[in-house]
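Here's the structure, in structure tokens; my notes come after.
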């Protein structure tokens, strides 16, 4: 059986300061593709995320979070094993965002077998602002981490963490 | 004095964050405030100085749920300024694209946001555990809307294919025909959706609303029409600002719209339906009648049926457009830049969306005005809450809170459009 392609999804709004973090990570990955993976940008609407990861085995999602931790901190959640801490995901306050998409997929038995979600702690989500220095540093670190992880296992067309 | 306090600090299942405050004194509702906290109108300022050609792509980012509506109002307003008119197949393609957005947006609301209220579930996730096949039907239906928007918009989110004068690229016949089979299945699913929605339990809550929607002589309104009401308003879009007022209220960052001398008004699917029933396709009209509706519906809780009828109409209309499609010779008509102002109003899934732009001789935006449907519905939402809480004060506290949230969700408020976040908070003492 062919291993399924790794899917990397960045979520965010480029007009809202640190909310753009997820988008910026996947744009960097797209600049220098390594290994075999698909890169997608999304606004965070839940059913679109479900459609994207339906049938996939390995999925990585990057989003901005707001938990009160130090700005730039990178949180990691293995969503196929445990529920996301809903309040920290900004999408969770939307009608139907990432957190809802994960849980509805779980209820319908459509969750990828390996769904890793990175949350980059934001400092500011003001409309019209630029990403903060702390978040830009975190984006660099996460891009390096993801590239390394993907490069380590190019033949498997998948990623291990 | 006996006072009661109900605190619902967060309203789930609406797009965005905001607050709702209901004050009850001696079993009488004395105040209802829909609060919006986010600084609004960022985009209006952001557009100033930008080239007109960037406007459709920038405004598409105001809302992740209804980007097409923003693009459509934007391009029609700028075309109005430049004195050009997009006709024929390009016009039909715009209508087709809008049908895709109605399918996406309405299906999300009907299945995942509103239905759990009626069926007694906390959310769609809990509902899916008992009604997996129904939720799957909703997801499939929404997917067809996504596909239509992706094909015409160039990508799934923040579509980039719309331009002043038409499109950057138009689809081939084969590309559209490839979607037709799935749209036929979607139309069947939409019909089932209408039947299913009609079985929900509805509270007896008819109100005498002032409905406002577009009306077109030959079609159910999407991109074009006069602005009409059920109380005699009948104006061209250019007269919008002479007839509607935006008022700042202290408790909200979103401006409240009122019709001059008449007050709050109701926009969206209910208004469109009540003012345009005769323009629905035969299959949509028949489905409405089978669902027990007449051409007039004044119970906002039944908006779930009306949205389902509009999903059915959008599938039907999309199939009609695809069947008649011939690729146009060019993807766009020329857009000669001139210093001018123009406006347009289109029917976003949640109601009329008004845009006005003033453009310089070099094509730069001098100023922009955007009035989203949710800010127009704010007053009516407050009135509904006031009436509803007054009539159902005897309900146990948790149920009353639930019903209040449901009453707000009747309007599918998209607070992201009205501002960005809206937290709903219900305070009752």
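Quick notes on this structure:
- Strands (runs of 3 or more DSSP E) contained in segment B:209-326 and holding at least 3 residues within 22 Å of residue B:388 (Cβ to Cβ) and in contact with a helix residue (DSSP H, G or I) (Cβ under 7 Å, 6 or more places away or on another chain): B:256-259
Each row is one residue, and each column tells you yes or no for (1) surrounded by 24 or more Cβ atoms within 10 Å (Cβ to Cβ); (2) within 21 Å of the chain's Cα centre (by Cα); (3) in a helix (DSSP H, G or I).
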site	(1), (2), (3)
B:136	no, no, yes
B:158	no, yes, no
B:169	no, no, no
B:175	no, no, yes
B:190	yes, yes, yes
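- Residue satisfying all of: in segment A:67-98; surrounded by 17 or more Cβ atoms within 10 Å (Cβ to Cβ), within 16 Å of the chain's Cα centre (by Cα) and at pLDDT 90 or above; nearest to residue A:49 (Cα to Cα) among these: A:98
Here's the yes/no breakdown for (1) within 30 Å of residue B:123 (Cβ to Cβ); (2) modelled with pLDDT of 95 or more; (3) within 14 Å of chain A (Cβ to nearest Cβ); (4) in a loop (DSSP other than H, G, I, E, B):
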position: B:45; (1), (2), (3), (4): no, no, yes, no
position: B:62; (1), (2), (3), (4): yes, no, yes, yes
position: B:80; (1), (2), (3), (4): no, yes, no, no
position: B:89; (1), (2), (3), (4): no, yes, no, no
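- Yes/no for residue A:42 being more than 13 Å from the chain's Cα centre (by Cα), closer than 27 Å to residue B:113 by Cα and facing chain B (nearest Cβ under 10 Å): no
- Residues located in segment B:110-126, provided they are at pLDDT below 95, assigned to a helix (DSSP H, G or I) and within 10 Å of chain A (Cβ to nearest Cβ): B:112, B:113, B:124, B:125, B:126
- In the condition set (1) within 14 Å of another protein chain (Cβ to nearest Cβ); (2) in contact with a helix residue (DSSP H, G or I) (Cβ under 7 Å, 6 or more places away or on another chain), residue B:94 is compliant with all but (1).
- Residue B:186 without any contact (Cβ under 8 Å) to a residue 24 or more places away in the chain, crowded, with 23+ Cβ neighbours inside 10 Å and either in a helix (DSSP H, G or I) or within 14 Å of chain A (Cβ to nearest Cβ) (or both): no
- Meets criteria (in a loop (DSSP other than H, G, I, E, B) and either within 14 Å of another protein chain (Cβ to nearest Cβ) or at pLDDT 90 or above (or both)) for residue A:111: yes
- Residue B:241 vs. criteria touching a strand residue (DSSP E or B) at 6+ places or on another chain (Cβ under 7 Å) and at negative phi: no
- Qualifying residue in segment A:84-104 (condition: closer than 16 Å to residue A:29 by Cβ, more than 9 Å from chain B (Cβ to nearest Cβ), touching a residue at least 12 places away in the same chain (Cβ under 8 Å) and not in a helix (DSSP H, G or I)): no
- Residues of segment A:34-66 that turn out to be touching a strand residue (DSSP E or B) at 6+ places or on another chain (Cβ under 8 Å), assigned to a loop (DSSP other than H, G, I, E, B) and surrounded by fewer than 18 Cβ atoms within 10 Å (Cβ to Cβ), as a count: 2
- Residue in segment A:54-63 that is in contact with a helix residue (DSSP H, G or I) (Cβ under 9 Å, 6 or more places away or on another chain), more than 25 Å from residue A:139 (Cα to Cα) and within 14 Å of chain B (Cβ to nearest Cβ) present: yes
The values are calculated or read from the model by the stated rules, or taken from the named source; none is laboratory data. Every value quoted in this text rests on a predicted model; they were computed, and no experiment measured them. We place every Cβ from the backbone using ideal geometry, glycine too, and count neighbours over all the protein chains shown.
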